[in-house]
Amino acid sequence: MYAQVIIDANHAEVDRVFDYRVPAQWEEEVCVGLRVMVPFGQRNTKREGYVIALTETTEVPAGKIKEIVEILDEGRPILTPSILELAKWMKKEYFCTLNQCLQAVMPAGIRTKSVWYAELTGQTAELSEKEQQMADVLIEQGGAVPLRELEQIFGNRTEYILRCLQEKKVVRLHQKTTRSTYKKEKRYVSLTENEELLIAAKEKAEKDKRLAGQLRVLSAICPGESISVEELKEKATVTDSPIHTLLQKGILVEQRRQEKRDVFQLEDYTPTQPFYPTPEQAQALTLLREEEEKEQKRPVLLHGVTGSGKTEIYMQLIEHVIMAGKQAIVLVPEISLTPQIMERFISRFGKRVSVTHSRLSLGERLDQWRKARDGEISIIIGPRSALFMPFSNLGVIVMDECHESSYISDVTPKYHTREVARKLSELTGALLVMGSATPDIDSYHRAVTGEFLLLQLKERTKGSTLPEVFVTDMRKELEDGNRSAFGLPLQQAIRENLEKGQQTMLFLNRRGYSTFVSCRKCGEALTCPSCNVSYTYHASDKALVCHYCGKEVPVPKTCPSCGSHYIRYFGTGTQKIEEETRRLFPEASVLRMDADTTTGKNGHARILELFGKGKADILIGTQMIAKGHDFPNVTLVGILAADLSLNLGTYQAAETCFQLITQAAGRAGRGELAGRVFIQTYQPENHAIRMAAAQDYEGFYQEEILLRQAMEYPPFSHIFSVLITGEMEQEVILAAQRLGAYMNHYAERAGCTVVGPAPAPLPKFRGEFRWQIFAKGTDADRLKAFVLYTVEQTKKDVSREIRFHLAFLA
Ligand code: ADP
Ligand code: ZN
Ligand code: ZN
């Protein structure tokens, strides 16, 4: 028997698949998905690999075939058949290697780590400047340096310089491997089954006073019992020493048991019963169960206003599914993985549920993975990576807040969780349920056109009304001489709230890095006429840049639409808002939550807990605080600069703005008390602001979809982006232009349109310059082929140090 093994490559950009013979003693054990060690290369270095297929024959000549040398994970496969299939599909879909996909679907930290070192082996006089620099680094650091560290110094050029140095025989690369198992083991002991030995030992210990400790140990253990070493030490009041001696003599026998750590204490939770469903919930549940029983299931979009009882629906559906012996995955955006949502699931499902998230240690996360594999839990809650839990009979995948951008992976493979979840549901027959109060336009369009099953919840369960929403026109405030970030109506409302002892949340709808320029008099943001997206202000050259088509214009002195001089660039930080809040409301206690104040393991949770306990009157934050929290005493929400998200410079800006306002507004009046929301904006007539204020998703969708159609943005086209990066600005620009030229040359034939090239929204990052180019088209496959082809052509013409990052956006 032969196994096709994919070798875990350090440079995961290449897939290496090889045949290995399966030694006779492992024929029973070796299976698809198993992790193995194999000899590799001329020197037969041991490498980790994954069995991806088994065959009876091989084309490798008998004399050349190598054998598997070790099987890992106690012979249990690390990839279930469906997850392996999923990884293969991701490879095709996201233009990357199977290795990169396997890394995404495997539990974090499980791989055999190997660190590559560059080692100095000789000297030669003829080195280029860069080569000499690298050689100097190696000499300074004692002759050998991990490749990682060299990459930090030499960036993208590391590989190239190293190759030159290797050719000149100045440097060689070598590898050290370590395997972390992250297992928590507990030692247990029991009495030997050899009666004679045991009796002899007891008799001896009874006679000799110095062996009193041993005697206590032997009488503390019942025959056939297995007791943990800690417990035994306590019971027999002994130190390690007598136990150690008895173990050595074989009178005690040791077992090591693997412990799977729990990530919560069940005692901390009060069990809850399912609610009697409201009529809307009952109807949705009936349809969900019907869909679940079908052979061919459609993905479901559950569109329900905040507080309409979506989470309760997930829980009742899951109860139904696990009763049938199946399992459930509940995905939540990392940011909203709050203690509150965990509490609701744990209180309902107890030990049948577990949680995984990035604040757990690798070992703890791996233990939850093992629990899923061993059938010890039926439900897992976690961020997008929880999708890859090794359940044997998956019944349902829930994707809560499915519009969230954290569902798009920011590392290769750059997958959209919705698409991968959909594929997994196809492979496993599980039902996919996506829930949101503000679905992305694309998903909603698919639901409206019947590709998804659309279920709607229009009422809040507790009969509590949605909060009252007021829009403050900041242009008027300015006319009236108010230059503060707080309009007068909001100031007034905050004072009232302080008097009543109720809490206030203030949002700055900031996202991304861009600053835009707008007129404070008429509210107009300066916009690229051909792309209909806001220009981004570049402080360094005082220019406005469109990040789609690359058009660059100077900042005008007066507003092109009203002629006023109040042209300002926008961009207020939470810190500035905090200062102003303290100045305006000196009597209030204020908490601020943003990236600066939430560093550390539990920074985020700590601030929320303080606020939840009523330790502060006002909480200021970015969209971070808008998600999933339920603070009953919050009756006022202020959205300070709604325009920040409205002018993001992307075609989804209006959608993002609508979502952020709605999420933020959803925080007000969650309890018994009615809520109020103030939206401050310079563009009150914008449809995203108007419809968000009216809390009318449907209305927003109707207007937005027309704009998308007019501009041929998704869902009426597909968009592909290519990000071009490199250390030398001129080379990057040249490569971007070269790609642009190729694309334009073939565009018409391929039925695609090219937008750009333009500097990326983050034009310089980690020492690299970044440009981007977009291609639009209605046929996704043709579009992909077009981009792949033109990028390959371009690569031939440009410096090897230039990198092209391809992403299918929508
Ligand atoms: P969503 O997930 O849509 O925001 P939730 O599931 O959190 O809504 O429900 C909002 C609140 O209503 C929660 O406090 C929840 O416990 C409660 N709730 C949900 N369903 C019911 C019901 N059928 N009867 C009474 N209360 C309910
Ligand atoms: Zn103006
Ligand atoms: Zn443009």
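The values are calculated or read from the model by the stated rules, or taken from the named source; none is laboratory data. Keep in mind the model is a prediction, meaning the values are calculated, not measured. Neighbour counts are summed over all protein chains in view; Cβ atoms, including those assigned to glycine, are modelled from backbone coordinates with ideal geometry. When the accessible area is computed, the model is the full protein with side chains, heavy atoms only, and any ligands, DNA or RNA have been set aside. Shrake-Rupley method; radii C 1.70, N 1.55, O 1.52, S 1.80 Å.
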Kirkwood Rh for the chain from C-alpha pairs, in Å, is 30.6
Taking 326-332, 423-429 and ranking on average Cβ neighbours within 10 Å, highest first, one gets 326-332, 423-429
Measuring from its Cα centre, the chain shows a charge dipole (+1 at each Lys and Arg Cβ, -1 at each Asp and Glu Cβ) which, in debye to the nearest 20, is 1000
Once both label points are put 7 Å beyond Cα along the C-beta direction, the ILE153-LEU247 separation in nm becomes 4.5
Heavy-atom accessible area of HIS244, protein chains in place, probe 1.4 angstrom, given in Å² to nearest 10, is 110
In nm, the gap between the two label points placed 7 Å beyond Cα toward Cβ at LEU707 and ALA605 is 3.9
Checked region 516-569 with the C-alpha gyration tensor, a ≥ b ≥ c its square-rooted eigenvalues, rounded below a/c of 1.5, otherwise prolate if a/b is larger than b/c and oblate if not; verdict oblate
Toy charge model, Lys and Arg Cβ at +1, Asp and Glu Cβ at -1: region 424-557 dipole around Cα centroid in debye, rounded to 20, equals 360
Taking 58-71, 757-770 and ranking on average Cβ neighbours within 10 Å, highest first, one gets 757-770, 58-71
Measure of exposure for THR121: accessible area at 1.4 Å probe, Å² rounded to 10, is 80
Between ARG803 and GLN575, Cβ-based FRET efficiency (R0 25 Å, step 0.05) works out to 0.10
Highest mean packing first, using Cβ neighbours within 10 angstrom, the peptides 199-207, 214-222, 386-394, 789-797 sort as 386-394, 214-222, 789-797, 199-207
Of the residues PHE678, VAL171, MET315, the Cα lying farthest along the dipole of the chain towards its positive end, which is defined by charges on the beta carbon of Lys, Arg, Asp and Glu, belongs to VAL171
Which of LYS233/LYS371; LYS207/LYS233; LYS168/LYS796 exceed 27 Å between C-alpha atoms? The answer is LYS233/LYS371
On the formula 1/(1 + (r/R0)^6), with r taken between the Cβ atoms of SER226 and GLN265 and R0 of 25 Å, the FRET efficiency rounded to 0.05 is 0.50
For the chain, longest principal axis from Cα atoms; helix 780-797 axis from its Cα atoms; angle between them, nearest 10 degrees, is 80
Percent antiparallel among DSSP beta bridges confined to the chain, nearest 5, equals 60
Here the gain from full extension of LYS615 to PHE765, 0.36 nm per residue of separation minus their alpha-carbon distance, amounts to 50.1 nm
Here, GLU56 and GLU129, labelled 7 Å along Cα→Cβ, have an inter-label distance in nm of 6.4
So, for the Cα atoms of region 718-808, Rg and Dmax in Å stand at 12.2, 37
XL table LYS423/LYS784; LYS542/LYS576; LYS176/LYS326; LYS88/LYS176; LYS130/LYS784; LYS209/LYS235; Cα-Cα > 31 Å flagged, in table order, is LYS176/LYS326; LYS130/LYS784
Excluding residues fewer than 8 positions from LYS66 in its own chain, the aspartates and glutamates with Cα under 13 Å of it are ASP19
The helix 653-665 Cα axis meets the longest alpha-carbon principal axis of the chain at an angle in degrees, between 0 and 90 and rounded to 10, of 80
1/(1 + (r/R0)^6) with r = Cβ-Cβ of ASP541 and ARG359, R0 = 51 Å, i.e. FRET efficiency to nearest 0.05, evaluates to 0.80
Unit-weight point scatterers at every alpha-carbon of region 2-78, Debye formula, q = 0.14 1/Å: log10 I(q)/I(0) is -0.39
With a ≥ b ≥ c from the Cα gyration tensor eigenvalues, square-rooted, and the rule rounded for a/c under 1.5, otherwise prolate when a/b > b/c and oblate otherwise, region 113-178 is prolate
Of the candidates ILE577, SER409, LEU331, the farthest towards the positive dipole end of the chain (Lys/Arg Cβ +1, Asp/Glu Cβ -1, centred on the Cα centre) is ILE577
Largest-first ranking of ARG667, ARG157 by accessible area, probe 1.4 Å, whole protein assembly kept, is ARG157, ARG667
The aspartates and glutamates whose Cα lies under 20 Å from the Cα of LYS351, excluding any fewer than 8 residues away in the same chain, are GLU259, ASP262, GLU267, ASP268, GLU312, GLU319, GLU343, GLU364, ASP367, ASP374, GLU376
With only helices counted (DSSP H, runs n ≥ 4, each -39500 (n - 2.57)), the per-residue ellipticity at 222 nm for the chain, to the nearest 500, works out to -10500 deg cm²/dmol
Phi angles of region 705-721, converted by Karplus (6.51 cos²θ - 1.76 cosθ + 1.60, θ = phi - 60°) into ³J(HN,Hα) in whole Hz with x for Gly and Pro, give 5, 5, 5, 4, 5, 4, 8, 6, 9, x, x, 8, 8, 10, 10, 10, 10
Residues whose built amide H sits under 5 Å from the amide H of GLN327, excluding neighbours closer than 5 in sequence, are ASN393, LEU394, GLY395, VAL396
For the chain, longest principal axis from Cα atoms; helix 81-93 axis from its Cα atoms; angle between them, nearest 10 degrees, is 40
